[in-house]
Structures are given as structure tokens and as C-alpha cells.
1. Can you pull out every residue in the range 24-51 that is of a type outside the set (Val, Ile, Thr) and under 21 Å from residue 123 (Cβ atoms)?
2. Would the range 129-152 turn up any residue that is at pLDDT 90 or above, crowded, with 19+ Cβ neighbours inside 10 Å and assigned to a loop (DSSP other than H, G, I, E, B)?
3. Search the range 104-113 for residues being hydrophobic (A, V, I, L, M, F, W, C) and not in a loop (DSSP other than H, G, I, E, B), and hand back the single one that is nearest to the chain's Cα centre (by Cα).
4. Condition first: farther than 13 Å from residue 112 by Cα and of a type in the set (S, T, N, Q). Now tell me which residues in the range 46-92 satisfy that.
5. Of 98, 188, which residue is in contact (Cβ under 8 Å) with a residue 40 or more places away in the chain and more than 23 Å from residue 51 (Cα to Cα)?
6. Consider residue 74 against the criteria (1) over 21 Å from residue 196 (Cβ atoms); (2) in contact with a strand residue (DSSP E or B) (Cβ under 8 Å, 6 or more places away or on another chain); (3) not charged (D, E, K, R): it satisfies all of them except one. Which criterion is unmet?
7. Can you confirm whether residue 116 is in a loop (DSSP other than H, G, I, E, B) and either at pLDDT below 95 or under 13 Å from residue 180 (Cα atoms) (or both)?
8. (1) over 25 Å from residue 66 (Cβ atoms); (2) without any contact (Cβ under 8 Å) to a residue 40 or more places away in the chain: which one isn't true of residue 172, the others all being true?
Amino acid sequence: MTTAAADRAANARKIFKLGAVLFTVTAVTGLILGVVNEITREPIMRTQARLRAEALANALPEADEFQSVPAAGADPMVVGVDMGKKGGSPVGYCVSVAPSGYGGPIGIVVGITGSGGLRAISVLSHTETPGLGAKAALPAFYGQFSNKEADKLSVIKGGGAGPDQIEAISGATITSEAVTLGVNAALAYWRDNLKEGD
């Protein structure tokens, strides 16, 4: 065997050996990730269910139970509807929306009373900028939506928000407008699909 042929054979063995090591590492890593996923799936699902239940209760505190109802209509922002009941009688609805914020979808639960008033909102999930848009999940911002009777809300910059206005988070107007857009979509959904006949 010539030196060149011996070098090629040695290189082929090295390549095969590196490929085998890479395959083994990848297979073991995949197996570990699969096991971890299987172990954590149930706890994650339980945590998500608990957080959703808390968001529903915060958005419509009068209710002591919630029943999912089919979502109708064409607004893709509306991702779910739950009827809130107290003692078996309906007291309002929680409309879940997912408007697009600065960093991605913002999961919001909007509590609407039986008469169509905005009871409260809960920010369930977001990927907004820490220190700016992430402030949407703080009571100083989302508390502005509590007990509003307006059919449609708008965002203003600076103080002095009126009954149908929400003061924007400083430096996070896009997030503020996205949350308000989602709330307005929930109110419109209630009027178009859930409002009892006059």
C-alpha cells in the first residue's frame, strides 16, 4: 500500500470514528431531551391550567366557576371564550385574545359583565421587552382597564386619561396599543356574539 493510500485509509477511519462519536452524542442527547420532556409535560400542563384559572378569576371575580363555550366569529385575535357563573347563573364572560405586541403575541383574558361592561383584564403571557412593554403585566397598567363602561377604548400619552382612555406605558406605546386593541376586540366580540337580545 502506498503512503497516499495509507493516508486516505487513515483519514477515512478518522472520519468514520468522528461520525460515530457525533451520532452517539446526538442520540444520547435526543434520548435525554425526550425523557425530560416526558417528565415535565404534566407539571407544565398543570401550571398552565392553574395560571389560566387564576387569570379567569382575576378578570371576572364575581364568578365562582367557568365554562368554556365555542368561539364564533371571524376575528382571529379571539382565541377562546369562557362563561363565568356564580351559583350556576351566568354573570359575564371572559374573552381570551392574543393581539400582536412589540415582541410577539400578548395573551390577555378580558372579563366582561353581563351588561357588557369591562370588568378587568389579566395578562396571561407576553414576550415584551423587560422594563418597557413587560410593564403591561403590572397592576399600574392593566388596572386602568377595570370597571370601564366604554364600548371602545383609546390610548393616550401623558396623564389625564378619560373614561374611555388608557394611558400608555412610557416608552412602550406599541405594547399599550396592542393590549387596548385586544380589549376592544373582546368587547366587539361580546357585542356581536354574546350580548343578550334587547
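The values are calculated or read from the model by the stated rules, or taken from the named source; none is laboratory data. What you see is a predicted model, and the numbers here were worked out from it, not measured in a lab. Positions of Cβ are backbone-derived with ideal geometry, glycine not excepted, and every protein chain shown enters the neighbour counts.
1. Residues of the range 24-51 of a type outside the set (Val, Ile, Thr): 27, 30-31, 33-34, 37-38, 41-43, 45-46, 48-51.
Selection gives 45, 46, 48, 49, 50, 51.
2. No, the range 129-152 has no match at all.
3. Just the residues of the range 104-113 that are hydrophobic (A, V, I, L, M, F, W, C), to begin with: 106, 108-110, 112.
Keeping just the survivors that are not in a loop (DSSP other than H, G, I, E, B) gives 108-110, 112.
On the way: 108: 6, 109: 9, 110: 12, 112: 18 Å.
Selected residue: 108.
4. Matches in the range 46-92: 47, 48, 67, 68, 89.
5. On the way: 98 fails: more than 23 Å from residue 51 (Cα to Cα).
188 is the lone residue from the list that is in contact (Cβ under 8 Å) with a residue 40 or more places away in the chain and more than 23 Å from residue 51 (Cα to Cα).
6. The one condition residue 74 does not meet is (2).
7. Working: in a loop (DSSP other than H, G, I, E, B): yes; either at pLDDT below 95 or under 13 Å from residue 180 (Cα atoms) (or both): yes.
When the stated conditions are applied, residue 116 passes them.
8. If we test residue 172 against (1) over 25 Å from residue 66 (Cβ atoms); (2) without any contact (Cβ under 8 Å) to a residue 40 or more places away in the chain, just (2) comes out false.
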